[in-house]
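A.B. asks: Have a look at this one.
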């Protein structure tokens, strides 16, 4: 075994590019030369040349990348067997059959496939497979020896629940498919791999349940994914904007989850889950906005509790979106709406505050966002310290200095807490950004401004579809049957049908009588 | 996109209609707790109780927590605007829960204020009305009514809470007053407020009801008559309390041990007022059905015998009937149809009303009333008999 020496390549970069497209040559020296050019300056590439058999002396080369291939497996099941078995096996072999014999009789690996071009060689090498080339054969053999260090399956970090499963997706795609397959033990669960990314050649997994997911929708997703010509896909987030029906909007049309149970629930409702190798977040589509308020825990606890907490979440949604705006609008324009005692309390806190209410609210909201962002990005050891410094010291000092009113601090803090109640992170981002727009409208026009900003938001949302599913469904177009499982949590025995999706094949979730 | 532009423009158009210039910062305002309407010579006198902003946390408490400003002008609207010549803040008139009308103004003419009360958008229809008897509204506003910070708030709370406690006065808000003022066959009333001194401290007290006829105050009802008035309207009060003579006294030859007083509570009542018309003869039938409990018995005899209960019920009915009779007598004496009998006739016999409406002031004082009161005793609370029963 030896590492490629870093000697200067005599061939130009353009040659290397052309070389990739070449077919595997029957002359192994040509292949070795080409591959040495291609793998030039790749310190982790391993090229092992050896000969087979005592008599025939067929030259072979075994290639793999160190670190992403299972070295022990390669040595045990490839090298050892090739050297030992074939050494004692001196019957003259016909060159063409040699590779086939090796595949069918010598190698004890389950994943073995023939490859024909150098491009395929490179793809398999980069994916962690070992590639075996034989002199005299214009085919190669790729052995599935992918193995890399991974985090393993850990508990979810962002979507926490008290009840329900505690495993989460990780960066390794195979683990993720395993987590789904374990929950949906059916061959109707399809997990198609698409290779996207000109350079990164990332495995993108498209999973759906064949009998449930609308065929046209799956095709649409596949078409949109295959159109991507980006050089690298590093996270499932890269795909969102390529998949979205409406691109120029803050309203996210997909949902991210790290929970396999949530992904499975989405698959069972006819959606698709897209996973990217190297990303622990699965991307779920199609999605509608009210679904962002649903937590998977709702379905694991009693339906009454689930419904109440879901209503609470909707309340929190409106608070997170509207509370500062309503407060500013009312105290700047509609004093008559406030009960006298409350007004006096507000007046006492605002006495001597130099800024108009809307500026005060904007400043505080901005500070809150800064603190939140700082808390997120800071190293774990400093994070909590910053939030305490921010929340307690800055807030308290600002109130004492008379820069902001204490009631505004309460309003902003309550709004912040409300925005954390929303289970979907990308939805809470939508809310936070919209909040600033509504706040400015409230400062300029009072309650009519709030209403108008909300109307603008609604009109925009009304125009959006997520893979053909209306973004506000089932609120608009109204669907009362589904509404009972969005605003509230419908008891399981009553969930007879799946939520409607355009073109859905099978809507029966629960067979009532007989049947399968 | 082209479709969106008109919608956007439409939604943005209000920016030019209203905008920042309508904004009013909280620190530029002052809360009006109550305002008073009075006259001074030929001018109108507006007084306002303004709440001083409570101090911020850590600052010293101001005392008093309000100030009273007065302004004189030919109209209340001008008087209100002219406050801005001395006051650096904009008063929020619509925050007021209470309006106090001076007796002088009420006796002169209600048209002097009824127009501004209905026309002005800053006066709420649910603001409670009071007539200041023997004092000016400004004097009422200067009285401290602990634990309330402001006498204006105190007045609103007093009239609201007493309906379930003493149960005498029926709260009258501006809407009721306007309704009674503009509807034929019913005349307005407003509860009266007086100043009283207790241990050298001035306090306020609800006392009696001002009775109006047309546009003028013509007299008053005393508290018993006021309760009679409330009893002729279902739901005017929630609960009231009254004393009767213990029916056992005098029936059995027992020496009077403590007192012959028996205190009863009226917890709910329904009343029907119906005109009975027989040719040219009009009679009002008032049927009151009420129920309540024994709250205090100063006797030692057993009151829970079936016969005794019946006697108590009869005695209670008689006491309630007396209040009603006194009210009717006073109203007829003042010739002011505060019970709304004319309205009742108009509703049930509109044709008859058409004939008599012009002569109503002559007819009203002579209309007899047939009052039937039924009182049902529910429970004697924690004790069956008097505590000292032998």
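A.B. asks: Within the range A:230-257, track down each residue that is surrounded by fewer than 18 Cβ atoms within 10 Å (Cβ to Cβ) and part of a loop (DSSP other than H, G, I, E, B). If you could, list the steps in order and put the result at the bottom.
C.D. replies: Here is the first cut: in the range A:230-257, the ones surrounded by fewer than 18 Cβ atoms within 10 Å (Cβ to Cβ) are A:230-232, A:234-235, A:237, A:241-242, A:246-250.
Scanning the range A:230-257 gives A:230, A:231, A:232, A:234, A:235, A:246, A:247, A:248, A:249, A:250.
Residues are listed down the side, and each one gets a yes or a no for (1) at pLDDT 90 or above; (2) away from every other protein chain (no Cβ under 14 Å); (3) crowded, with 22+ Cβ neighbours inside 10 Å; (4) farther than 30 Å from residue A:213 by Cα:
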residue: A:259; (1), (2), (3), (4): yes, yes, yes, no
residue: A:263; (1), (2), (3), (4): yes, yes, yes, no
residue: A:273; (1), (2), (3), (4): yes, yes, yes, no
residue: A:282; (1), (2), (3), (4): yes, yes, yes, no
residue: A:285; (1), (2), (3), (4): no, yes, yes, no
residue: A:318; (1), (2), (3), (4): yes, yes, no, yes
residue: A:321; (1), (2), (3), (4): yes, yes, yes, yes
residue: A:338; (1), (2), (3), (4): yes, no, no, yes
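A.B. asks: Right, something else. Suppose we filter B:117, B:96, B:106 for residues that are in contact (Cβ under 8 Å) with a residue 60 or more places away in the chain and within 14 Å of chain A (Cβ to nearest Cβ); which single one remains? Give the steps one after another, and end with the answer.
C.D. replies: Values: B:117 fails: within 14 Å of chain A (Cβ to nearest Cβ); B:106 fails: within 14 Å of chain A (Cβ to nearest Cβ).
Of the residues listed, the single one that is in contact (Cβ under 8 Å) with a residue 60 or more places away in the chain and within 14 Å of chain A (Cβ to nearest Cβ) is B:96.
A.B. asks: Given the criterion farther than 18 Å from residue B:234 by Cβ, within 22 Å of the chain's Cα centre (by Cα) and at pLDDT 90 or above, identify the matching residue among B:321, B:329, B:314, B:283.
C.D. replies: Numbers: B:321 fails: farther than 18 Å from residue B:234 by Cβ; B:314 fails: within 22 Å of the chain's Cα centre (by Cα); B:283 fails: within 22 Å of the chain's Cα centre (by Cα).
Selected residue: B:329, the only one of B:321, B:329, B:314, B:283 that is farther than 18 Å from residue B:234 by Cβ, within 22 Å of the chain's Cα centre (by Cα) and at pLDDT 90 or above.
A.B. asks: Checking the conditions here, which among B:148, B:220, B:156, B:187 is in contact with a helix residue (DSSP H, G or I) (Cβ under 9 Å, 6 or more places away or on another chain) and over 20 Å from residue B:104 (Cα atoms)?
C.D. replies: Working: B:220 fails: over 20 Å from residue B:104 (Cα atoms); B:156 fails: in contact with a helix residue (DSSP H, G or I) (Cβ under 9 Å, 6 or more places away or on another chain); B:187 fails: over 20 Å from residue B:104 (Cα atoms).
Result of the check over B:148, B:220, B:156, B:187: B:148.
A.B. asks: Next up: Could you list, in sequence order, the residues of the range B:278-288 that are surrounded by fewer than 16 Cβ atoms within 10 Å (Cβ to Cβ) and in contact with a strand residue (DSSP E or B) (Cβ under 8 Å, 6 or more places away or on another chain)? Before you say what the answer is, go through the steps one by one.
C.D. replies: So in the range B:278-288, the residues surrounded by fewer than 16 Cβ atoms within 10 Å (Cβ to Cβ) come out as B:278-281, B:283, B:285, B:287.
The answer is B:283, B:285, B:287.
A.B. asks: Here is a further query. Is there a residue in the range B:44-57 that is modelled with pLDDT under 90 and farther than 20 Å from residue A:352 by Cα?
C.D. replies: No; the residues of the range B:44-57 include none that is modelled with pLDDT under 90 and farther than 20 Å from residue A:352 by Cα.
A.B. asks: Within the range A:461-470, can one find any residue that is touching a helix residue (DSSP H, G or I) at 6+ places or on another chain (Cβ under 7 Å) and assigned to a loop (DSSP other than H, G, I, E, B)?
C.D. replies: Keep residues of the range A:461-470 that are touching a helix residue (DSSP H, G or I) at 6+ places or on another chain (Cβ under 7 Å), which gives A:461, A:467-468.
Among the residues that remain, those that are also assigned to a loop (DSSP other than H, G, I, E, B) are: A:467-468.
Yes, the range A:461-470 has at least one match.
A.B. asks: Now for a separate question. Residue A:168 fails exactly one of the following numbered conditions: (1) in a loop (DSSP other than H, G, I, E, B); (2) touching a helix residue (DSSP H, G or I) at 6+ places or on another chain (Cβ under 6 Å); (3) modelled with pLDDT of 90 or more. What is the number of that condition?
C.D. replies: It fails just one condition, (2).
A.B. asks: Follow-up. Just for the range B:332-382: of the residues that are surrounded by fewer than 17 Cβ atoms within 10 Å (Cβ to Cβ) and at positive phi, which one is modelled with the highest pLDDT?
C.D. replies: Restricting to residues being surrounded by fewer than 17 Cβ atoms within 10 Å (Cβ to Cβ) and at positive phi, the top hit is B:335.
A.B. asks: Could you list, in sequence order, all residues of the range B:42-57 that are more than 11 Å from every other protein chain (Cβ to nearest Cβ) and more than 10 Å from residue B:91 (Cβ to Cβ)?
C.D. replies: Hits for the range B:42-57 are B:42, B:43, B:44, B:45, B:46, B:47, B:49.
A.B. asks: Quick check on my filter: what residues within the range B:120-147 are over 27 Å from residue B:41 (Cβ atoms), modelled with pLDDT under 90 and within 14 Å of chain A (Cβ to nearest Cβ)?
C.D. replies: Scanning the range B:120-147 gives B:121, B:147.
A.B. asks: All but one of (1) more than 30 Å from residue A:421 (Cβ to Cβ); (2) touching a strand residue (DSSP E or B) at 6+ places or on another chain (Cβ under 9 Å); (3) modelled with pLDDT under 90 hold for residue A:159; which doesn't?
C.D. replies: Unmet for residue A:159, out of (1) more than 30 Å from residue A:421 (Cβ to Cβ); (2) touching a strand residue (DSSP E or B) at 6+ places or on another chain (Cβ under 9 Å); (3) modelled with pLDDT under 90: (1).
A.B. asks: Return yes when residue B:64 is over 26 Å from the mean Cα position of the chain (by Cα), in contact (Cβ under 8 Å) with a residue 60 or more places away in the chain and either on the phi > 0 side of the Ramachandran plot or more than 12 Å from chain A (Cβ to nearest Cβ) (or both) and no when it is not.
C.D. replies: Values: over 26 Å from the mean Cα position of the chain (by Cα): yes; in contact (Cβ under 8 Å) with a residue 60 or more places away in the chain: yes; either on the phi > 0 side of the Ramachandran plot or more than 12 Å from chain A (Cβ to nearest Cβ) (or both): yes.
Taking the combined requirement at face value, the residue satisfies it.
A.B. asks: Being closer than 23 Å to residue A:440 by Cβ and not in a helix (DSSP H, G or I) is the filter here, so list the residues in the range A:386-410 that pass it.
C.D. replies: A:403, A:404, A:405
A.B. asks: Continuing with this model, one more query. Considering each residue of the range B:2-29, count those that are modelled with pLDDT of 80 or more, within 40 Å of the chain's Cα centre (by Cα) and either more than 8 Å from chain A (Cβ to nearest Cβ) or within 15 Å of residue A:450 (Cβ to Cβ) (or both), and give that number.
C.D. replies: Number of matching residues: 2.
A.B. asks: Here's a follow-up. Among the residues of the range B:52-79, which ones are out of contact with any strand residue (DSSP E or B) (no Cβ under 6 Å at 6 or more places or on another chain) and surrounded by 19 or more Cβ atoms within 10 Å (Cβ to Cβ)?
C.D. replies: Residue satisfying the conditions is B:53 alone.
Rundown of residues vs (1) within 14 Å of another protein chain (Cβ to nearest Cβ); (2) assigned to a helix (DSSP H, G or I), yes/no style:
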| position | (1), (2) |
| --- | --- |
| A:349 | yes, yes |
| A:355 | yes, no |
| A:367 | no, yes |
| A:372 | no, yes |
| A:375 | no, yes |
| A:380 | no, no |
| A:384 | no, yes |
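The values are calculated or read from the model by the stated rules, or taken from the named source; none is laboratory data. What you see is a predicted model; the values in this text were computed from it and never measured. Glycine also receives a Cβ, built like all others from the backbone with ideal geometry; neighbour counts cover every protein chain displayed.
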